[in-house]
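> So that we are looking at the same thing, I have put the structure below in structure tokens.
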Amino acid sequence: MVPRTVFSLAGSMYHSPMRREILFTGIGGQGVQLAARTLAEAAVADGRRVQLFASYGGMMRGGNSDSFLTIAEDPIKSPPVLGSAWAAVVMHHEHAGDIWPKLREGGLALVNSSVVDPASRPTDASVEVIEIPALDLATELGSPIAAQLVVLGALVAHTGVVSADSLVASAAAALPSYRADAVAVNRRALDAGMAMSGLTHPAWELATA
Amino acid sequence: MTTRLVEGSEAVADAMMRAGCRFFAGYPMTPFTEVLEHMAAGLPELGGVCVNAESELEAVGMVWGAAAAGARAATGSTGQGLSLMQESISEASMAGVGFVVLNMARGQGDYYQATRGGGHGDYRTPVLAPTGPAEVAELIAEAFDLADRWRNPVVVVGDYYMAHTWVDIESSADAPAPRPAPGWTLDGSSGGSGAAKLVSPLGTTKQRDGVGYDLAAHYDRCARRRIEMTAGITPRAEQVRTDDAQVVIVAYGTMALYADAVVNDLRAAGHKVGLVRPITLWPFPEEQVRAAAEGADVVAVYENNAGQMIDDVRLSVLGAVPVVGLNGFSTDSSAFGISPDVTVENLTGSILQLLDEHSGDPT
């Protein structure tokens, strides 16, 4: 018997510029599923391949709400629940404990700092944390339930993982007709996020971004 | 063609309609319900029929009736509903009526039900287990072709993860026209007209004296057709890095996607691990499993049940290599086959442990 081999998922061959995995975590009611679907639809509109799996508790509010999104330039072969990821959108700390160790070296974490406990942060010091007071900003804009769209806007501004045009279009299309009155404020939330930064962590080679 | 983001169950429904399925019947049960909903939404526009039956018993009865009348037809459920359908599946096999049965399973507890069946008589059903939207489309089309070719029910196995994972698929508003009705199918000609046809689990002709079926001759024909079908379907499996693997994982369906990720990660770290993913569960890819196991230290069967496919793997390896089961995982509170233990991290740990345990073995 030899000692257990030390192994880190950071060596994953899936850490490829052709493939970007994004984890979403929060609690029911924060719009985590809507945010993940919105980003997935935008990626499809950009012509990329997409796989999205959701895991959420059977309660209207407060249960875990997680999504696992892969966006790629080639066909995706991936388990539904990802083992490692390039970026995370963390809306709440309650269920973030499983997310932090999945972020690869040099990864990116966008944190809803209005809500997330400052003690809940990535385990790997090389992961860059972008603190976004998303709930405060969305509340100022008149719609606290649009906080996740501020974070989504910021993710797209920092990375260009989807195009801004596709993001704006998919956010509007994601709402059912009886929520049509929310399209305008949701757009302001996305814009607030997108205005927070320029492209700091390009998701794709610039030629194809 | 446009690209759309759809739930896996819609990708399954889309593939069936594209394969020419024009009659579908079922009874709702998670995670099959959404397939039924998408068939109900899509079939009428194509001139097809979808029925929300009173139960799975009626659904499969309607479907083999539709198939006997020449339609490409399908039904489905989870394993629970398929339990109710077993009698019709075996009778349809004896009658030489082909259709597709989806098992949108909860976990992988229905492996034995799918590959052996619970009906009476000397019948088997081909079983296909796709992963990913491209293979779902390919194998569902193949399932209908096999059902036509062998005039036998064909099972396609999915699961909760497949049904609820969103994927991008290419689709267009119209689907190809269905194939014409085969010549043997019923066309309304009545007895005495000289054009009447007979479709029955008891026989396809009456005896000349008109006093009933020759059951012995019919069962003999059925057995010969089954033997021919078994030999006529090429077992399929995907091999991932099995060449010099010390540990060979065998896994199908969603479990194979976890195993695939683990094999790629561990190979990148220099560990000799490989995967065989059976694509046909019946006929089982015995030769591919046997060949992959040759030279390996251990074969690990990763399945989301308490150990079922492991028996087919043992039959393939025939004692040449130790076969261990990585199974018996817990399920989450939904009981829909989602296991919190099924993760890349846990499987990585299990495989590293197997590598450690077998590292001293002569190879």
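> Given the peptides B:319-325, A:155-161, B:175-181, arrange them by the average over their residues of other C-beta atoms within 10 Å, most packed first. Before the final figure, lay out the partial values.
Details: B:319-325: 15.4, A:155-161: 23.0, B:175-181: 13.7.
Descending mean neighbour count gives A:155-161, B:319-325, B:175-181.
> Ok, one more. Taking chain B as the reference, fit the longest principal axis to its C-alpha atoms, fit the long axis of helix B:253-268 to the helix C-alpha atoms, and give the angle between the two in degrees, 0 to 90, nearest 10.
Helix B:253-268 sits roughly 30 degrees off the main axis of chain B.
> Under the definition of Cα pairs under 8 Å and six or more residues apart, what whole-number percent is the relative contact order of chain A? Let's see the in-between values first.
Working: 434 pairs, mean separation 42.4, N = 209.
Answer for chain A is 20 percent.
> Of all trypsin sites (Lys or Arg not before Pro) in the stretch B:162-249, which ones are in loop regions per DSSP and have a Cβ with at most 13 other Cβ atoms within 10 Å?
Values: sites: B:Lys197, B:Lys206, B:Arg208, B:Arg221, B:Arg224, B:Arg225, B:Arg226, B:Arg236, B:Arg241; in loops: B:Lys197, B:Lys206, B:Arg208, B:Arg236, B:Arg241.
For trypsin sites (Lys or Arg not before Pro) across the stretch B:162-249 that sit outside H, G, I, E and B with at most 13 neighbouring Cβ atoms in 10 Å, the list reads B:Arg208.
> State whether the stretch A:51-111 is rounded, prolate or oblate according to the following rule on the C-alpha gyration tensor (a ≥ b ≥ c being the square roots of its eigenvalues): a/c under 1.5 gives rounded; otherwise a/b larger than b/c gives prolate, and the remaining case gives oblate.
Details: a/c = 2.33, a/b = 1.32, b/c = 1.76.
Taking the square roots of the gyration eigenvalues as a ≥ b ≥ c, the stretch A:51-111 is oblate.
> Give me, ordered by chain and number, the residues 5 or more places off B:Gly70 or on other chains with an amide H under 5 Å from its own placed amide H.
Residues meeting the criterion, in which the H sits 1.01 Å from N, are B:Leu186.
> Can you find, among B:Ala256, B:Gly191, B:Val273, the residue farthest towards the positive end of the dipole of the stretch B:191-292? Put +1 on the C-beta of Lys and Arg, -1 on that of Asp and Glu.
Of the candidates, B:Gly191 comes out farthest on the positive side.
> Next question. Just to verify a number: FRET efficiency for A:Tyr56 and B:Glu54, C-beta to C-beta distance, R0 = 51 Å, to 0.05? It would help to have the intermediate numbers written out before the result.
Numbers: r = 32 Å, r/R0 = 0.63.
Calculated value: 0.95.
> Same structure, new question: Is there a quick way to get the dipole size of the stretch B:2-171? I mean about its Cα centre, with the Cβ of Lys and Arg at +1 and of Asp and Glu at -1; what is the value in debye to the nearest 20?
The dipole of the stretch B:2-171 has a size of about 360 debye.
> While we're on this one: How crowded by other chains is B:92-100, given as the mean number of beta carbons from other chains within 10 Å of each beta carbon? Walk me through the intermediate numbers first.
Values: counts 0, 0, 0, 0, 0, 0, 0, 0, 0.
Whole-number average of other-chain Cβ neighbours for B:92-100 is 0.
> Over chain A, with a Gaussian network built from C-alpha contacts below 10 Å, which listed residue (A:Ser177, A:Ser126, A:Ser166) shows the highest mean-square fluctuation?
Looking only at A:Ser177, A:Ser126, A:Ser166, the biggest GNM fluctuation is shown by A:Ser177.
> Helix-derived [θ] at 222 nm for chain A: sum -39500 (n - 2.57) over DSSP H runs of at least 4, divide by residue count, nearest 500? Could the numbers behind the result be given before it?
Details: 5 runs with 56 residues, N = 209.
Helix-only estimate at 222 nm: -8000 deg cm²/dmol.
> Can you compute the charge dipole magnitude of the protein assembly as shown about its Cα centre, using +1 on each Lys and Arg Cβ and -1 on each Asp and Glu Cβ, nothing else charged? Give it in debye, rounded to the nearest 20.
Working: 38 positive and 64 negative charges, 212 e Å.
The dipole of the protein assembly as shown has a size of about 1020 debye.
> Now for a separate question. When chain B is modelled as a GNM with alpha-carbon springs shorter than 10 Å, which of B:Gly98, B:Gly158, B:Gly349 fluctuates the most?
Most flexible of the set in this elastic network: B:Gly349.
> What is the order of A:Trp100, B:Trp184, fewest Cβ neighbours within 10 Å to most?
On the way: A:Trp100 20, B:Trp184 15.
The order, fewest Cβ neighbours first, is B:Trp184, A:Trp100.
> Sticking with this one: Taking Cα atoms of the protein assembly as shown, Rg/Rh with Kirkwood Rh, to two decimals? Let's see the in-between values first.
Working: Rg = 26.0 Å, Rh = 25.5 Å.
Ratio of gyration radius to Kirkwood radius: 1.02.
> Additional query: Measure nothing fancy, just the Cα-based angle from helix B:33-42's long axis to the longest principal axis of chain B, in degrees from 0 to 90, nearest 10.
50 degrees
> Please order A:Val116, B:Val6 by the number of other Cβ within 10 Å, starting at the fewest. Intermediate values should be presented prior to the final figure.
Numbers: A:Val116 23, B:Val6 19.
Lowest to highest Cβ neighbour count: B:Val6, A:Val116.
> Between the DSSP loop rule and a limit of at most 11 other Cβ atoms within 10 Å, which trypsin sites (Lys or Arg not before Pro) in the stretch A:39-88 are left?
Numbers: sites: A:Arg48, A:Arg49, A:Arg61, A:Lys77; in loops: A:Arg48, A:Arg61, A:Lys77.
When the trypsin sites (Lys or Arg not before Pro) of the stretch A:39-88 are filtered for loop state and at most 11 Cβ neighbours within 10 Å, A:Arg61 remain.
> Also: I want the local charge near A:Thr123. Using Cβ-Cβ distances under 14 Å, sum +1 for each Lys or Arg and -1 for each Asp or Glu among the other residues. Don't skip to the answer; put the middle values down first.
On the way: positive: A:Lys102, A:Arg104, A:Arg121; negative: A:Asp98, A:Glu105, A:Asp124, A:Glu128, B:Glu345.
Net charge around A:Thr123: -2.
> Among the lysines, select those whose C-alpha is under 23 Å from the C-alpha of B:Lys272, and discard any that sit fewer than 8 residues away in the same chain.
A:Lys77
> For the Cα atoms of chain A, what angle does the longest principal axis make with the long axis of helix A:183-194, in degrees from 0 to 90, nearest 10?
So the inclination is approximately 40 degrees.
> Along the charge dipole of the protein assembly as shown, pointing to its positive end and built from +1/-1 on Cβ of Lys, Arg, Asp and Glu, which listed residue (A:Ala154, B:Ile351, A:Ile130) has its Cα farthest out?
So the residue furthest toward the plus end is B:Ile351.
> How well do other chains shield peptide B:328-340, expressed as the mean number of their Cβ atoms within 10 Å of each residue Cβ?
Values: counts 0, 0, 0, 0, 3, 2, 2, 0, 0, 0, 3, 1, 3.
Mean shielding by partner chains, rounded to a whole number: 1.
> Here is a further query. Taking only C-alpha pairs under 8 Å that are 6+ residues apart, what is the relative contact order of chain B in percent? If you can, show how the numbers build up before the last one.
Values: 755 pairs, mean separation 60.3, N = 363.
Once divided by the residue count of chain B, the mean separation gives 17 percent.
> Next question, about the same structure. Please give the average number of partner chain Cβ atoms lying within 10 Å of the Cβ of each residue in A:44-51, rounded to a whole number.
On the way: counts 9, 2, 0, 2, 2, 4, 5, 9.
Neighbouring Cβ atoms belonging to other protein chains average 4 per residue here.
> Can you work out ³J(HN,Hα) from phi for every residue in the stretch B:286-303, in order, using Karplus 6.51 cos²θ - 1.76 cosθ + 1.60 and θ = phi - 60°, giving whole Hz and x for Gly and Pro?
Ordered by residue, 3J(HN,Hα) equals 4, 5, 5, 5, 4, 5, 5, 6, 4, x, 7, 7, 7, 10, 10, 9, 9, 9 Hz.
> Something else: For A:Lys102, go through the aspartates and glutamates and keep the ones whose alpha-carbon is under 20 Å away, minus same-chain ones fewer than eight residues off.
By straight Cα distance, A:Lys102 reaches A:Glu21, A:Asp66, A:Glu94, A:Asp117, A:Asp124, A:Glu128, A:Glu131, B:Asp260, B:Asp265, B:Asp341, B:Glu345.
> Which is the longest part of chain B that has none of the GluC sites (Glu not before Pro) sitting in a DSSP loop with at most 16 other Cβ atoms within 10 Å?
Values: sites that count: B:Glu54, B:Glu294.
The reported range is B:55-293.
> Once a ≥ b ≥ c are taken as the square roots of the eigenvalues of the Cα gyration tensor of chain B, is the result rounded (a/c under 1.5), prolate (a/b larger than b/c) or oblate (a/b not larger than b/c)?
Working: a/c = 2.34, a/b = 1.59, b/c = 1.47.
Prolate.
> Moving on to the next point. What ranking of B:Cys222, B:Cys21 emerges when the number of other C-beta atoms within 10 Å of each C-beta is taken as an exposure proxy, fewest first?
Values: B:Cys222 20, B:Cys21 29.
Ranked by crowding around the Cβ, least crowded first: B:Cys222, B:Cys21.
> Under 13 Å Cα-Cα from B:Lys206, which aspartates and glutamates qualify once same-chain neighbours fewer than 8 residues away are excluded?
Once the sequence-local aspartates and glutamates are set aside, what remains near B:Lys206 is B:Asp214.
All of the numbers you see were taken from the coordinates with simple rules; none came from a lab. Quick caveat, the model's predicted, so the values are computed rather than measured. Cβ sites come from the backbone with ideal geometry, for glycine too, and all protein chains shown count toward neighbours.
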